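The values are calculated or read from the model by the stated rules, or taken from the named source; none is laboratory data. The structure displayed is predicted, hence computed values, not measured ones. Glycine gets a Cβ as well: all are built from the backbone with ideal geometry, and neighbour counts include every protein chain shown. Protein only, heavy atoms only, side chains kept; ligands, DNA and RNA dropped before computing areas. Shrake-Rupley method; radii C 1.70, N 1.55, O 1.52, S 1.80 Å.
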Amino acid sequence: MTIEIDRWSYSQPTSTVSGLRDWQTLNTDIETFGVSQFSAFLPDVGAPVGQPYTLIASNLNIFTTTLSSNRYFPPRASGKEIIIHKLLHMFHPRPFVHSRFAPQGSSAVIRAENEHYVSIVFRIHAEFQLNQPPLHPFWFTPGQFTGELVIKRDASHIKSFHLFVPTNKTLNVDMEWLNGPLEAENMEVDIGFLPQMEIKSTSPSIPVTMTTESGDTVNILESDEPIDLPPVPMDTTPIKWNSEISFQEASDSLEKYMYPFKKAPYLSYLEACKVAEVEKKLVHLILLWGVLDDQSC
């Protein structure tokens, strides 16, 4: 954080920032998921490589441009929100899959594909409520969650899954909290750097129903007894894609999809000077504390 933390009685039990102070461990450090749950990341209709599509649509509009900050508990997740909520729930018990501000929701793009598999890069804008009553709300909003899922087209097998908060920017998390009951008058804001926040699959998915060495068929999730299973063969052969783009190209397409203003090129100062010299144009310099995107300005 950039604000002097002692200003908020950081060590006091009733401190407004106690939710941040007390968040020292994961809500769940390991979780089992059904492969079919990740079918939510697949497009509803065919999408070519490099064309972004919506996973969770924004519920903001011209009449409702922000959601209230004076809330504690997320609404019930439904549809494709469920898998996003379950994943983020591993970090903290109160994830909100719809952030209060735009860009809301989640989107994805097929990075690579062949006859059997697709590699999907996704982008999620969500946040966490760290406090509970009687403390005032404290919102923890990473700039974005991104990652990649390699899954069979019929959602019957997952090769790998990785979700993380990017760390390529100096500031990547927004923190906002109320120090009183009035949202418009009592809101405090700070930004900071989050060095690591990620979820990784430990191995490719395995069948739920398997045959033991004695020939019995068992459901490994329902059995309370140790099961003597033969080793599951792991296919380590790299997937050969028929069509693909780089992870960076996929990320850039999602960025423009969720931030229309990014369709115009924004250059660093030195890069802009070089381009201006070549094109014989003036430089319009914008100096910010953070950046225009990813909740860190």
Turns out the strands (runs of 3 or more DSSP E) fully within the range 108-223 with at least 3 residues that are over 17 Å from the mean Cα position of the chain (by Cα) and either surrounded by 16 or more Cβ atoms within 10 Å (Cβ to Cβ) or among the small types (Gly, Ala, Ser) (or both) are 173-178, 187-192
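Results for (1) hydroxyl-bearing (Ser, Thr, Tyr); (2) in contact (Cβ under 8 Å) with a residue 12 or more places away in the chain; (3) open to solvent by 60 Å² or more (accessible area, probe 1.4 Å), shown as yes or no for each residue.
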{"site": "Thr16", "(1), (2), (3)": "yes, yes, no"}
{"site": "Ser39", "(1), (2), (3)": "yes, yes, no"}
{"site": "Val45", "(1), (2), (3)": "no, no, yes"}
{"site": "Pro48", "(1), (2), (3)": "no, yes, yes"}
{"site": "Pro52", "(1), (2), (3)": "no, yes, no"}
{"site": "Asn59", "(1), (2), (3)": "no, yes, yes"}
{"site": "Thr64", "(1), (2), (3)": "yes, no, no"}
{"site": "Ala77", "(1), (2), (3)": "no, yes, no"}
{"site": "Glu81", "(1), (2), (3)": "no, yes, no"}
Looking at the range 228-279, which of the residues that are at pLDDT 95 or above and part of a loop (DSSP other than H, G, I, E, B) is farthest from Glu115 (Cα to Cα)? Ser246
Test Gly105 against the stated conditions and say whether it is in contact with a helix residue (DSSP H, G or I) (Cβ under 9 Å, 6 or more places away or on another chain) and either surrounded by 14 or more Cβ atoms within 10 Å (Cβ to Cβ) or at pLDDT below 95 (or both). yes
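Could you list, in sequence order, all residues of the range 155-187 that are hydrophobic (A, V, I, L, M, F, W, C), within 30 Å of Pro238 (Cα to Cα) and free of Cβ contacts under 8 Å to residues at least 60 places away in the same chain? Explain how you work it out, then say what you get.
Filtering the range 155-187 for residues hydrophobic (A, V, I, L, M, F, W, C) gives 155, 158, 161, 163-165, 171, 173, 175, 177-178, 182, 184, 187.
Okay, now just the ones that are also within 30 Å of Pro238 (Cα to Cα), so 155, 158, 161, 163-165.
Answer for the range 155-187, where residues must be hydrophobic (A, V, I, L, M, F, W, C), within 30 Å of Pro238 (Cα to Cα) and free of Cβ contacts under 8 Å to residues at least 60 places away in the same chain: Phe164, Val165.
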